[in-house]
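Only one structure is covered here, and it is reproduced in the block below.
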């Protein structure tokens, strides 16, 4: 039975759009009813979402698996931390962190995108670990293994307005707004010609090259944007935790956005966000019952990779698809009847 | 100076130990095209099994090592046949992710089975002690490692250059379809190679138990060095892995002696430089 | 696609909130139970220390509850693995206090985790009794310097690792050349610096001839050992701990180190897991009397009925000897009990007041509270690992006992200059 999907798109009354509005409402109202820890956890989920979103631009849309994104996350975090310690302005810290990460990503990306597949992955791994070893060894600047401590949760300084962010609720709103802007930005990006070009590159490098697309240039752009997003995610961390330590640059931390995207769904836009939430949820719940949560996470990864490469989003989509088809069928059926009725009149 | 030469020999024993781990990794990549992230976990399981047979059950050391090889070989067969083989032909990123999933599972599994505390068996008598070299005591154990590394290198060379199986594997590695066309059972070759690689990792793990603790996480500590070595030598290049091990092992020994601050950083720089300039490795076939 | 993502999200959020959590009932201090959050490293090669923290806390909790609790209130505890990582430790602390409702927190192995937690404790207004993390900076900088009152340390810091070594070896005129194989992070650097500064005061003739630094999770120390031995030291100051200490000692043995040096100071060598790991070597006297060690509590000292009874109860409960992190955590709970009983309140500020002037007998001896840096002062001897027919594993024998006031640093504190 062919489903006329176009009858569905763009309709404000679609259930998915309602669900999205409900979600946004929930997020904005959460401080009213949830405890500080829930807010704290949600901030972490949002940070990972931004991180994973950038990663997925590179992986899901451009086909490059990077194991070094944590390096850019760390650059964003450390630069923001150093700025906040010197000048207590959150805006400056965030901008500094993003720019710092972007510059490093552009440079390392220039070197990395000349290769693909395993070589690319290994190269990004090496670069990420180089950043890790700098963070660990350069005590004078990065604080070495102790990291940077006592980072203030600096106020948001805008022209004419200085907003203190000392409470978890206030900082939560800042992170929420920043995250939504980042998500919206990425959404526009993947639907833009740039996004489509990247997918073309992923699907067939030769064809894209023949069509006149500069493969390396586009990959570099994707890599840099992924780095910018990683840097933004990293920059949001120091004001939350008041400390920044080297493990955030380690390759095992680079695995976080990879796992989040895998779990949520690689070839979907919302996949990294859903996956970030799930990753936290899985650990949070499993840890209440057993300390052996890694084996459960590993089992989930194996099952997903073998059977559900589209991640949780695709699982749910497949479950709901028949119901959608019926709905549209019914609607199409009623419309046909109405049209037929009009004709006979 | 004698001390510098001595440090170099210590580095050589380090290199031969790393060679055991890297050989398996590079063979698996060369033939199957899979970068086995879980290689360090196989190393770790090999160590745990050797500890169990030798340290807990009191079997002779060589018997324990042999049993550990068999055990991990079996594990490797299960991993490849049961899981990895389903992903051939699909984007290799998923193969990487699958092996990553195995790391998580194996790391917790050893904790569940053996507990979280580190283990160490007594040192076998024939490996204890030292002999005088360059005026200083050089451990019997380190000498033993150098010997084993060389023996493994020779055996592997013999296996791949002179035996029928080895030649078939090389044929499969260079052209899978052609090998299939002339009647080679490619899936069976893949399983065999993966098992071989796993057993080499286990050998490293098992032989490490006299002087290294067996604990969760020891695999992860080793895998990065193995990656670096296989990259420097060229992914899939066995001779390259041997030379790469020498480079990394000896350099890190000298790093400890002369410039400890930069050691970690520079080893990754070397890795990145090789990947950038000669991704096929410093030693092309 | 995005719409389905959103819908999925909503379903999942509802599922998350649907997962049940705890319910409650009432006691004398106005709470259902006194909640204690416990953290330690329960994963990785140092996992035994977190495990011992958990064992010590559980046993103390059971004993306190069996005796009627604290002012009639039962104790409840929750152990979380901090993975030796600052980020995890801080997140767990926030969870334990804001979500689970912990009134107090106990534990923590890693100095890095402790230093990150300090400011967060001030924000959360909860006391954390530190029972292992050894950096002097936790109390010298964060308490005495920055006034974070919520930090209380029950275990002896690196004064034990560094200063006692200097006090012992200053009287060995034949030991002039020292080298270190050190842990390549703050604990290792600070201990070495403190040791050098202290020894130099007594023995200006001493030289420090070689250093080698081994990062966390080093498995092969042979290059470090051979690098250091090339300079022919008389003695070695060694800070890697737990499994790393065992490996280091084994690898040093096969390089013939113990035939060449007069002494090897293994800072936390008196820890139960290390002693278990070197049993075979001690039985065969492979260290030739050169190995010295200490800990933050050793089970064979003090030789009091209270300590002996504690060991017996612990062995019966857990079939293992208590490590130092077990005794310090066990004692921390009793310290907490005493403070709450004195202040008759769970309010953080009042309990801190209740700590002032406290002197308490624990299995490890008498602990005395020092208000300037919130340290509980007590002493632990150092000695040589030997076999004792009364015990299946080595113990520290040939004990050198020093009075705590002779090796604890005193306020006002001058920063320790940390050089590698």
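When you look at residue A:231, is it buried (at least 24 other Cβ atoms within 10 Å of the Cβ) and within 11 Å of chain C (Cβ to nearest Cβ), yes or no? Let's see the steps before the verdict.
On the way: buried (at least 24 other Cβ atoms within 10 Å of the Cβ): yes; within 11 Å of chain C (Cβ to nearest Cβ): no.
No; evaluated as a whole, the condition is false for this residue.
In contact with a helix residue (DSSP H, G or I) (Cβ under 7 Å, 6 or more places away or on another chain), under 12 Å from residue C:385 (Cβ atoms) and not in a loop (DSSP other than H, G, I, E, B), is that true of residue C:281? It is true that residue C:281 is in contact with a helix residue (DSSP H, G or I) (Cβ under 7 Å, 6 or more places away or on another chain), under 12 Å from residue C:385 (Cβ atoms) and not in a loop (DSSP other than H, G, I, E, B).
In this structure, is residue C:113 within 14 Å of chain A (Cβ to nearest Cβ), assigned to a helix (DSSP H, G or I) and more than 30 Å from residue C:267 (Cβ to Cβ)? Answer is no for this residue. Being within 11 Å of another protein chain (Cβ to nearest Cβ) and more than 28 Å from residue A:34 (Cβ to Cβ): is that true of residue C:50 here? Judged against the criteria, residue C:50 is a match.
In the condition set (1) farther than 30 Å from residue C:417 by Cα; (2) free of Cβ contacts under 8 Å to residues at least 12 places away in the same chain, residue A:106 is compliant with all but (2). Among the residues of the range B:239-260, those that are surrounded by fewer than 22 Cβ atoms within 10 Å (Cβ to Cβ) and more than 14 Å from chain C (Cβ to nearest Cβ) comprise B:239, B:243, B:246, B:247.
Given the criterion surrounded by fewer than 21 Cβ atoms within 10 Å (Cβ to Cβ) and either over 30 Å from residue A:208 (Cα atoms) or out of contact with any helix residue (DSSP H, G or I) (no Cβ under 9 Å at 6 or more places or on another chain) (or both), identify the matching residue among A:86, A:135.
Numbers: A:135 fails: surrounded by fewer than 21 Cβ atoms within 10 Å (Cβ to Cβ).
Matching residue, one of A:86, A:135: A:86.
Out of the residues in the range A:288-312 meeting the condition of being more than 7 Å from chain B (Cβ to nearest Cβ) and surrounded by fewer than 16 Cβ atoms within 10 Å (Cβ to Cβ), tell me which one is nearest to residue A:256 (Cα to Cα).
First, the residues of the range A:288-312 that are more than 7 Å from chain B (Cβ to nearest Cβ): A:288-291, A:293, A:296, A:300, A:303-304, A:307-308, A:310-312.
If we keep only those that are surrounded by fewer than 16 Cβ atoms within 10 Å (Cβ to Cβ) too, we end up with A:288-290, A:303, A:307.
Details: A:288: 21, A:289: 22, A:290: 21, A:303: 17, A:307: 21 Å.
Among them, the one singled out is A:303.
When A:39, A:24 are checked against the criterion of being at pLDDT 85 or above, crowded, with 16+ Cβ neighbours inside 10 Å and within 10 Å of another protein chain (Cβ to nearest Cβ), a single residue qualifies: A:39.
In the range A:203-216, is there at least one residue being under 29 Å from residue A:131 (Cα atoms), part of a helix (DSSP H, G or I) and within 20 Å of the chain's Cα centre (by Cα)? No, there is no match, as no residue in the range A:203-216 is under 29 Å from residue A:131 (Cα atoms), part of a helix (DSSP H, G or I) and within 20 Å of the chain's Cα centre (by Cα).
Taking the criterion of being modelled with pLDDT of 95 or more and outside any helix (DSSP H, G or I), no residue of the range A:156-195 qualifies.
Go through B:271, B:199 for me and flag whichever is closer than 30 Å to residue B:166 by Cβ, at pLDDT below 90 and part of a helix (DSSP H, G or I). Break it down into steps so the answer makes sense when it comes.
Numbers: B:199 fails: at pLDDT below 90.
So the residue among B:271, B:199 that is closer than 30 Å to residue B:166 by Cβ, at pLDDT below 90 and part of a helix (DSSP H, G or I) is B:271.
Being crowded, with 16+ Cβ neighbours inside 10 Å, within 25 Å of residue A:249 (Cβ to Cβ), touching a residue at least 24 places away in the same chain (Cβ under 8 Å) and within 11 Å of chain B (Cβ to nearest Cβ) holds for only one residue in A:154, A:182, A:126, A:101, and it is A:126.
Among the listed residues C:311, C:298, identify the single one that is in contact (Cβ under 8 Å) with a residue 24 or more places away in the chain, touching a helix residue (DSSP H, G or I) at 6+ places or on another chain (Cβ under 8 Å) and either surrounded by 17 or more Cβ atoms within 10 Å (Cβ to Cβ) or outside any loop (DSSP other than H, G, I, E, B) (or both).
Values: C:311 fails: touching a helix residue (DSSP H, G or I) at 6+ places or on another chain (Cβ under 8 Å).
When all the criteria are applied, what remains is C:298.
Within the range A:288-309, the presence of at least one residue that is free of Cβ contacts under 8 Å to residues at least 24 places away in the same chain, more than 30 Å from residue B:89 (Cβ to Cβ) and in contact with a helix residue (DSSP H, G or I) (Cβ under 6 Å, 6 or more places away or on another chain) is confirmed.
The values are calculated or read from the model by the stated rules, or taken from the named source; none is laboratory data. Just so it is clear, the structure is predicted and the values come from calculations on it, not from any experiment. All Cβ positions, even for glycine, are placed from backbone atoms using ideal geometry, and neighbour counts span all protein chains on display.
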